Amino acid sequence: MGLLSDPNRRKALTNLLTRLNTPICMVCYLAAIVWFMGLAFEPFTLRTYMSENAMGSTMVEERFSAGERALSTAKEFDAHKRKAGGMPVEWLVKSMQARGLEVFTQSFSRKLPFPDENKERYMVHGTNVYGILRAPRAPRTEALVITAPCSPGNSNNQAVGLLLALAQYFRNQVYWAKDIIFLVNEHDLIGMQAWLEGYHHTNITGMDYSPLQGRAGSIQAALSLELSSDVITSLDLILEGLNGQLPNLDLANLFYAFCQKLGVLCTIQGKLQRNDWDSAEGYTHAAQTMMLMVLKQACGRSWGDHGLFLRYHIEAASIRGINSFRHYKMDATTIGRLLEGMVRKLNNLLERLHQSYFFYLLPSLSRFVSIGYYMPAFGLLAVILLLRALDLWVHLGTPALEAVDGVGEAEQPSSPGVLTVLTPVVISHLTGVALYLLPVHLQEMAVEHFPVSETEAVVLTAIAIYTAGLALPHNTQRLLSGEGTEQGWKVLKLTALLYLAVLLGCTALINFSLGFILAVTLVPITASITPNMPKALSALAMVLLSPAFTILYCVFIYQELVEVPVGFSEGWMLFLSVISQGILDHALYGSLVFEHPAGGYKKIFETVEELNEPLPATVTGRIPSFIKGSLLRLGPGLFEVGAEPFYHLFDGQALMHKFDFSNGQVTYFRKFVKTDAYVRAMTEKRVVITEFGTCAYPDPCKNIFSRFFSYFKGVEVTDNCLVNVYPIGEDFYAVTETNYITKVNVETLETLKKVDLCDYVNINGVTAHPHIEKDGTVYNIGNCMGKGASLAYNIVRIPPKQKDKSDPIEKSKVVVQFPSAERFKPSYVHSFGMTENYFVFVETPIKIDLLKFLSAWSIRGSNYMDCFESDEEKGTWIHIARKHPGEYIDYKFRTAAMGLFHHINCYEDSGFIVVDLCAWKGFEFVYNYLWLANLRANWEEVKRNAMIAPQPEVRRYVLPLDPYREEQGKNLISLPYTTATATMRADGTIWLEPEVLFSGPRQAFEFPQINYKMNNGKNYTYAYALGLNHFIPDRICKLNVKTKETWVWQEPDSYPSEPLFVQNPDGVDEDDGILMTIVVSPGAQRPTFCLILNAKDLSEVARAEVDIISPVTFHGMYKP
């Protein structure tokens, strides 16, 4: 106390803090950053534990067993939802009543302040349906809520099915001490907000809703379910609520405890748990998880329906099912038991959850950082503002020096007037008020005077006001007081420092993450800026460290943390979307900041109708004169039949698209290919033939004996030819990967006939990627039964057009056979390579269990996806064979396990074969991630799925044609332009290591194309491809395989397809030509267009737009 009471010592301390002010501030800033980053380190974290005694043990016996019934109910719900075109209110009411609940409905409506372009809505009308299970053993003063939002399309159907199954099961139990409310809300957060306002008799957002006719007790806790797939491999816990609120930590602990008990794989922020906390990898993983939570909490939006409960002091969380690793899948029964256990524990509560933490950060579900550990990081930043304020206060109170000659006193500078300090403060506040109110209110005026949409008007108005607000206070002060005095700016800065310290402190108490992020950028510039700095430098620094740029930085950091790095232009578009969505969220729910945007990619996975006649296209740009023909594309166009959905991307029924080009005029046409699978499905209004990921079950209209014996009819292979189209002779065939191909008329798109290749060659199926020589000869590959009743792979040759007009397919023959590494488990084959003299076949560890395929299909019903398996230890084998004559070369080329779909090119060079592939790291089957539920999920979930999927790379392997010329262990590759290696091992295998030509996190270079006529099987320079961003196509790419230089075409919210190269007849260079692709831009006035790009630099040449939306397409061809 002496230090503070002794004036001399107080003065000495003040002088010390003044003299060392800058060094102390710098140390504090660095210490704050180091402290914060160290929070993910194990000594700064605590192991999670259950604080609430009533929930301290998971020793309850979960008996829920109605998982299959839940999935059946989900399908029924989906069928009624499609029939109703939205929420099936009547069916839900009857279903809940049949389960013994008191059922009520609530209608609501909300006019958005401006259109929500992400979800394509403006006037929202909906109905919530809820049922109450009354507690048989209590006075009904308390309640729990289980909710499942009714989402568009196939999303969240399984959650509704499980909710109804739980309601039926809970109804038969007698131990409930609280009412349980089962709620199905429409229009996600809007419907949830309407229900919560109705339940609590409030109206804080201007929502129009009908009063609730039935109420239960005071709600103590709520769980929101998000399940969009029959197959769930992990459960992700979502905690972040509106304005950074978090539920009591015991709710997360309860979820984690039951996951551990039931052996359920659980994640947070989409990341799995790690145990190696003391390793560098473990710390990095924990730091990334914690940073994701900080960014999500700082943004202030509700990341699930649960987030709206928190403002009513109701502890809530969302549980989201993720479908990724099929090897660790769980069924609906397991999820139901987990929910049963959690609800039973919450039922035991005698009071609200309050024993554990409400302020925390989670680097994992098993460890947490308490408020006492993370607040010092913010405190160190706040100290900087106080130290700088102290320094200014001391300088303001120091008297002026005496005159130089010592006679008399120097003239004291006049104190700044109140107006000088007050004016910029008032102007700043008025600018904030304008930024808060005007963007929404001035949108109509902006739309009338400028060619912009309502959303664009809101964003541009906000940016204009913000930009003006940066300069207005400063310029106003200069206008009132001229250049000002030193005393003046010191008083103003002192005021600003103290005001900012109070503002950031209050923000950090409410939302630590937001307060800390703002402090990291605002504190250094506020503390260091002075009038003595160069004006240009100070202005630039203040702009770059302003809150708007902080949001921009957060967007880029978030993208990096989820491993989806973006360029500046794409990041800028995300930033603009963040602003519009943040303003919309504030108007709808009271969110204070912003949310991460989602795209319109879901539209390319929706059913469309075929056309009766071609549509004329609107052409912009100039179509090259040598483009006089048709662009043909194939893909899925029907994603459900009657009440039965298709589940996998490769299940939708084949739709053929055609853009016709004639004298600069363009038309668009499409028709379904009338395969047996399509015709029978449309006739019977159900899935009749099993597809890639959808199983066909017996006709429910048959009697029980007919249905039973339907399982023993054997394998009925699909002819759904949705993958590619290519010529054979003078005809054209739509194909998939089975033994059936379908002849089509490419002028009218009519279906002509079905052809079974098994009638002509020994083949079980062929790929959709043949090689076609200049004379029309077709080569393809497929598995077959080889010698000794073991499997093999045959290369089939189909001759070109015949002089006698006979069908070339009738003269098909096998030219060479590759052996299979396993007798009854052939590899999945999607494509193969061909040079001028060799065939190249890559045998991956992704296998088809043939015995399982036959038995499972015939006896219990199954689909193709159920019969795949993979084993990393088996690695990958690469086989070669001479083309003329067909002769297998028994070289044992081997490399690490990988997935493979598309070859780019193969060629011979100086005694080597160079093989360029679009590979996927590891051994897992990428098709596991192409379930439609995954692809239609929200953008955050799409990214989470892709984060644990195999990662793509463009690889170059080099195969020596004389591998035995060198000793073991030496590199056999002598080509000067590649780093790929081949090494002879003691067991006689040649181990291959690739050169990586392109690699980007979650950014695939797929569906590759080259200048096929000029360079197939020859040395080449350029490859073109479709860029997949977390499996969503969003760019066209060009790669120089020699220099690894890349080019990219991309537009916001636009989803292209495989680019097809068309050579310029007068061209000389390899890339003299154009690329043609079909692009879908759901938000555009004409959402589908054929895009023509210059192959040299990917600049746009022309586009032909039609006012109709088109689904995703896979492959195709240009027919001159």
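Just subtract the alpha-carbon distance of L851 and K805 from 0.36 nm times their residue separation and send over the number in nm, one decimal.
Values: separation 46, 0.36 × 46 = 16.56 nm, distance 4.16 nm.
Full extension of this stretch gives 12.4 nm more.
Let's test the formula: R0 of 60 Å, r as the Cβ-Cβ distance of S790 and K1096. What FRET efficiency results, to the nearest 0.05?
Values: r = 49 Å, r/R0 = 0.82.
After rounding, the FRET efficiency stands at 0.75.
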By the Cα gyration tensor axes a ≥ b ≥ c (a/c under 1.5 gives rounded; else a/b larger than b/c gives prolate, otherwise oblate), the shape of segment 876-1029 is prolate
On each of the three principal axes the extent of the alpha-carbon atoms of the chain, given in whole Å and largest first, is 120, 81, 67
Taking max minus min of the Cα coordinates of segment 593-676 on each principal axis, largest first, gives extents in Å of 52, 44, 19
Short to long, in 5 Å steps from zero, the percent of alpha-carbon pairs of segment 138-222 per bin is 3, 13, 21, 23, 20, 13, 7, 1, 0
Expressed in nanometres to one decimal, the distance between label points 7 Å along Cα→Cβ at Y436 and D208 is 2.7
Listed with the fewest Cβ neighbours within 10 Å leading, R1035, R137, R320, R985 appear as R137, R985, R1035, R320
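For C150, C299, which order do you get if you count the other beta carbons within 10 Å of each Cβ and list the fewest first?
C150, C299
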For E873, E941, E747, E644, ascending order of other Cβ atoms within 10 Å (fewest first) is E873, E747, E644, E941
Here the FRET efficiency for V1048 versus Q173, based on Cβ atoms and R0 = 45 Å and rounded to 0.05, is 0.20
Helix 512-528: inclination vs the chain longest Cα principal axis, degrees, rounded to 10, gives 60
FRET efficiency (L390, L262; Cβ distance; R0 51 Å; to 0.05) is 0.35
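Packing-wise, with mean Cβ within 10 Å as the measure, how do 511-518, 64-71 rank, highest first? Before the final figure, lay out each step's value.
Values: 511-518: 22.2, 64-71: 18.6.
Highest to lowest by the protection proxy: 511-518, 64-71.
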Bridge orientation stat for the chain from DSSP, antiparallel percent rounded to 5, came to 90
For segment 604-1119, the convex hull over Cα atoms projects on average to an area in nm² of 24.6
In degrees rounded to 10, the 0-90 angle between helix 332-347 Cα long axis and the longest Cα principal axis of the chain is 20
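Subtracting the Cα-Cα distance from 0.36 nm times the residue separation, let me have the gained length for D1069 to H200 in nm, one decimal. The partial results should precede the final answer.
Numbers: separation 869, 0.36 × 869 = 312.84 nm, distance 7.16 nm.
Full extension from D1069 to H200 adds 305.7 nm.
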Relative to the chain, whose Cα atoms define the longest principal axis, helix 418-441 and its Cα axis are tilted in degrees, nearest 10, by 30
Surpassing 18 Å at the alpha-carbon level, of the pairs K874/K970; K628/K658; K658/K1013; K874/K943, are K874/K970; K658/K1013; K874/K943
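For the chain, what is the calculated [θ] at 222 nm in deg cm²/dmol (nearest 500), taking -39500 (n - 2.57) for each run of four or more DSSP H residues and dividing by its residue count?
Numbers: 25 runs with 354 residues, N = 1120.
Roughly -10000 deg cm²/dmol at 222 nm, from the helical runs in the chain.
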From the Cα centre of segment 547-570 to that of segment 23-37, the distance in Å is 24
Links exceeding 29 Å between C-alpha atoms in this model, out of K892/K1018; K83/K1119; K602/K685; K603/K685; K811/K921; K754/K774, come to K83/K1119; K811/K921
Here the gain from full extension of N532 to T748, 0.36 nm per residue of separation minus their alpha-carbon distance, amounts to 70.1 nm
Once both label points are put 7 Å beyond Cα along the C-beta direction, the A541-A84 separation in nm becomes 6.1
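Values in this text are rule-based calculations from the coordinates and carry no lab data. As the structure is a computational prediction, the values presented were derived from the model and not from experiment. With ideal geometry, Cβ positions are generated from the backbone for all residues, glycine too; neighbour counts draw on all protein chains shown.
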